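Engineer: Once you've had a glance at the structure underneath, I'll fire off some questions.
The values are calculated or read from the model by the stated rules, or taken from the named source; none is laboratory data. Worth saying up front: this structure is predicted, and the values here are computed from it rather than measured. Here the Cβ positions follow ideal geometry from the backbone for every residue, glycine too, while neighbour counts run over all protein chains shown.
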Amino acid sequence: MRLKKCDIILPIYNRPNYVRDCINSIIKNLTNCSYNLYLVDDASDSYTHALLEQFKLEYDKISLHHHSTNLGFIRSCNFGVSLGNSTYVLLINSDVIVTPNWLSRLIQCAESDPQIAAVNPLTNYASNLNIPIAPGANFYGMDRLLAQNLSPRYRDVVTGVGFCMLLRRSALEEVGLFDEIYERGYCEDSDLCMKFTTNGYRTVTADNVYVYHQGRASFKGERDTRYLKNRQIFDARWSTEYERQFKEFLQANPLQPSRDLFKVPQQQWDPVQSMRETYHGIRHYWRQRQWLSGTKEVLKGIYKLPQAKRDIVTPEFVAKVTRPDRLRVTYVVPGISISGGIASVIQLVNELILLGVEARIVAPCIQKEEVENWKFFTQPIIFRSELELLKNFPESDIAVATLWTTAPWVAELVKIGRVKVGAYFLQDYEAWFYPESDRKTRSQVKATYNLISHKIVKSDWLAKLLAQDGYQTTKISLGMDLGLFYPRDVSKPSHPVVIAMARPNTPRRGFSHVIQALQIVKEAIPETEIILFGDENLKNCNIPFEFRDEGKITDADKLAELYSTAYVFLDGSNFQGFGRPALEAMACGAACVLTNVGGVTEYAIDRQNCLLVPPKQPESFAKAILELLTNRNLKDSLIESGFKTVKNYCHKREANKTLDYFNQILRKNNLIER
């Protein structure tokens, strides 16, 4: 029997949204390699395990090994290595997405020198090996440029990183596997590579390979203490030798030629973003009452100010990192910060990239500290003014406006020839964002509908409102990542739990009515636990009952866990374009009480998968919540129907339908379909 070239070991513990994309990318991009793929299921939850079983049935090259008790990352890796006997072993984290021919290039690197024991690709997130995704680029474009424009040098690095590490099995047999003293991980990969280098082997980077690594996906609350503990173990063993090798690594600066490929050629002094980042840092520490850290943030901001520069991203630079002969779609957003609408755009852009589109985002600002844990398969381009946007907008087949303030920009870009076709992604009826008394602004919003002929809406409700204004639209329902929002294996408390979105500074969210309703519920069933999320200042709102304040949640995984503990979810919005939070809550197993106005009626059916009540009626909200808390059969029936409902709203389906629509409007305008 012919020996396989490589055993791929994929340890898995939950996060099925990452696992799905990782496995799909491995299978898609290994057509010319001889390999075994071992999935080590380390006591994952029931949803994740079911996904892995499905992969095993679909692909004969996948071998699944399940452990009912948690081994931990290190032991899972070592167990996986023991399963095969191929020449090479590749350990890969489940939050990695690989690129075409990645493994053959890694093996080519290893076979260039028998003393190479460990090979890493370059990536967007990894200590010593990171090259951030360039503005306007995606990770596929980064990989293409490295593969085509560099004669690989296979530079030595001080230590490898375990997120994607190709290992020579014979070297492993000589020095041993990961030391299990590192328990659940951190520093174990550096420790192994120090064993290699001190035994005469090399640890290198394949500087012609680039993969995507989420990285922060595994960084939970215990990160700092676990890292510090393991770092002490590592330093006690390798301090002197590691410092020597690291000093040589810094002096050699081996990755600079690769980094120079993606250096934006133009920069200018601009203190705005630096000041904004400092402000948000100070605000964060102030709210945490960490006065010393806040003072340090001030001093750091003052020090950085004279050197504060920003990139000037030109169309020529973006063209350099764009794959040729691909559909080029650019979404124009008003800013990148925590909001459901922005999250929907980022999710859609990511999925279009996986479908082969050169999709990207441009914006006038980004609040990095809020979105740093989000998945970005492309680096947004930040413009500081409308003039700069019009001057340096990347050449695109389609530009998509995402808020009424961005529609004039897209219309002008089409007019001046920077964009072939404009589209308008309408996520809500934005004229209603403003009070009836503000007729001027409402008229300005509606006037933008006439600027762009191709319009996408999320719901029939929104399509009907636009039709009343005289405009035709195409409905593409919102999609949700069902590998992120699903019922977690958490036990619901014995006491009732009601969770609600509370946003006092957004009038259409019905904050006062939500609070009045919850007060009635609390008085009727005092043991009910109330959980509020959505705003950072709820403690200053004089809420007349005890509640748990989760603030503004930036971690969707945490939000899914909250939904999973809830008996009832309440959204008391006056209206909304679709109602994403309610669909998320349904997906996680919460019974929902919702208002009967807006796009939520796209999927919400009264007494079938939720209870619908009129907006601005707190007594009705409370009555519906109390009915669910006292009628278990009804609650359970709504939950089961909710699970069936959410299956119709997958984000991958949304991306495919969006791509079909883009190709359709290109054909309609007699433009070449890419």
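Engineer: Tell me yes or no: at least one residue of the stretch 389-407 is modelled with pLDDT under 95 and part of a strand (DSSP E or B).
Structural biologist: no
Engineer: Which one of Ser437, Ser453 is without any contact (Cβ under 8 Å) to a residue 60 or more places away in the chain, out of contact with any Gly (no Cβ under 9 Å at 6 or more places or on another chain), outside the structural domain of Val600 (by TED's automatic domain parsing) and among the polar types (S, T, N, Q)?
Structural biologist: Just one listed residue meets the conditions, Ser437.
Engineer: What's the total number of residues in the stretch 441-473 that are assigned to a helix (DSSP H, G or I) and surrounded by fewer than 18 Cβ atoms within 10 Å (Cβ to Cβ)?
Structural biologist: 11
Engineer: A follow-up question, please. Count, please, the residues in the stretch 287-333 that happen to be in contact (Cβ under 8 Å) with a residue 12 or more places away in the chain and assigned to a loop (DSSP other than H, G, I, E, B).
Structural biologist: Residues in the stretch 287-333 being in contact (Cβ under 8 Å) with a residue 12 or more places away in the chain and assigned to a loop (DSSP other than H, G, I, E, B): 10 in total.
Engineer: Now a separate question. Would you check if there is a residue in the stretch 57-64 being of a type in the set (S, T, N, Q) and surrounded by 18 or more Cβ atoms within 10 Å (Cβ to Cβ)?
Structural biologist: No; the residues of the stretch 57-64 include none that is of a type in the set (S, T, N, Q) and surrounded by 18 or more Cβ atoms within 10 Å (Cβ to Cβ).
Engineer: Additional query: For the structure I just gave you, tell me whether Ala566 is at pLDDT 90 or above, over 25 Å from the mean Cα position of the chain (by Cα) and not polar (S, T, N, Q).
Structural biologist: No: the conditions fail for Ala566.
Engineer: Please enumerate the residues belonging to the stretch 34-74 that are outside any strand (DSSP E or B), touching a His at 6+ places or on another chain (Cβ under 7 Å) and at negative phi.
Structural biologist: His49
Engineer: Would the stretch 226-235 turn up any residue that is surrounded by fewer than 13 Cβ atoms within 10 Å (Cβ to Cβ), at pLDDT below 90 and assigned by TED's automatic domain parsing to the domain that holds Asp156?
Structural biologist: yes
Engineer: Test Val414 against the criterion of being of a type in the set (Val, Ile, Thr), surrounded by fewer than 21 Cβ atoms within 10 Å (Cβ to Cβ) and at pLDDT 95 or above, and give yes or no.
Structural biologist: yes
Engineer: Any chance the stretch 124-137 includes a residue that's under 16 Å from Asp189 (Cα atoms), of a type in the set (Ser, Thr, Tyr) and in contact (Cβ under 8 Å) with a residue 24 or more places away in the chain?
Structural biologist: yes
Engineer: Working only within the stretch 484-513, note down all residues that are part of a loop (DSSP other than H, G, I, E, B), among the small types (Gly, Ala, Ser) and under 28 Å from the mean Cα position of the chain (by Cα).
Structural biologist: Ser491, Ala502 - these are the residues of the stretch 484-513 that are part of a loop (DSSP other than H, G, I, E, B), among the small types (Gly, Ala, Ser) and under 28 Å from the mean Cα position of the chain (by Cα).
Engineer: Here's something else I'd like to know. Pairs, please: C-beta under 8 Å, at least 6 apart or cross-chain, first residue without any contact (Cβ under 8 Å) to a residue 12 or more places away in the chain and in the stretch 91-102, second buried (at least 24 other Cβ atoms within 10 Å of the Cβ) and not basic (Lys, Arg)?
Structural biologist: Filtered contacts from the stretch 91-102: no entries.
Engineer: Return yes when Ile525 is surrounded by fewer than 18 Cβ atoms within 10 Å (Cβ to Cβ), under 14 Å from Leu626 (Cα atoms), touching a residue at least 60 places away in the same chain (Cβ under 8 Å) and among the hydrophobic types (A, V, I, L, M, F, W, C) and no when it is not.
Structural biologist: It is true that Ile525 is surrounded by fewer than 18 Cβ atoms within 10 Å (Cβ to Cβ), under 14 Å from Leu626 (Cα atoms), touching a residue at least 60 places away in the same chain (Cβ under 8 Å) and among the hydrophobic types (A, V, I, L, M, F, W, C).
Results for (1) modelled with pLDDT under 95; (2) over 23 Å from Lys647 (Cβ atoms); (3) of a type in the set (Ser, Thr, Tyr), shown as yes or no for each residue.
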{"residue": "Glu546", "(1), (2), (3)": "yes, yes, no"}
{"residue": "Gly572", "(1), (2), (3)": "yes, yes, no"}
{"residue": "Ala585", "(1), (2), (3)": "no, no, no"}
{"residue": "Cys592", "(1), (2), (3)": "no, no, no"}
{"residue": "Leu611", "(1), (2), (3)": "no, no, no"}
{"residue": "Leu626", "(1), (2), (3)": "no, yes, no"}
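Engineer: Leu666 - would you say it is buried (at least 17 other Cβ atoms within 10 Å of the Cβ) and modelled with pLDDT under 95?
Structural biologist: Criteria met by Leu666.
Engineer: Residues that are touching a Cys at 6+ places or on another chain (Cβ under 9 Å), at least 3 per element: which strands (runs of 3 or more DSSP E) completely within the stretch 104-218 meet that?
Structural biologist: 116-123, 202-213
Listed here are the residues, each with its yes/no results for (1) among the acidic types (Asp, Glu); (2) modelled with pLDDT of 95 or more.
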site: Asp428; (1), (2): yes, no
site: Trp432; (1), (2): no, no
site: Pro435; (1), (2): no, no
site: Arg439; (1), (2): no, no
site: Thr448; (1), (2): no, yes
site: Ile452; (1), (2): no, yes
site: Ser459; (1), (2): no, no
site: Ala467; (1), (2): no, yes
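Engineer: Turning to a different aspect of this structure: Among the listed residues Cys588, Cys610, Cys592, Cys650, which satisfies the condition of being surrounded by 24 or more Cβ atoms within 10 Å (Cβ to Cβ) and over 21 Å from Ile520 (Cβ atoms)?
Structural biologist: Criteria check complete, one pass: Cys588.
Yes/no per residue for (1) modelled with pLDDT under 95; (2) under 30 Å from the mean Cα position of the chain (by Cα):
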| residue | (1), (2) |
| --- | --- |
| Thr99 | no, yes |
| Leu129 | yes, yes |
| Tyr140 | no, yes |
| Asp156 | yes, no |
| Thr159 | yes, yes |
| Glu174 | no, no |
| Cys187 | yes, yes |
| Ser190 | yes, yes |
| Tyr201 | no, no |
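Engineer: If you go through the stretch 152-160 one residue at a time, do you hit one that is farther than 24 Å from Glu188 by Cα and assigned by TED's automatic domain parsing to the domain that holds Asn14?
Structural biologist: Yes: the stretch 152-160 contains one or more residues that are farther than 24 Å from Glu188 by Cα and assigned by TED's automatic domain parsing to the domain that holds Asn14.
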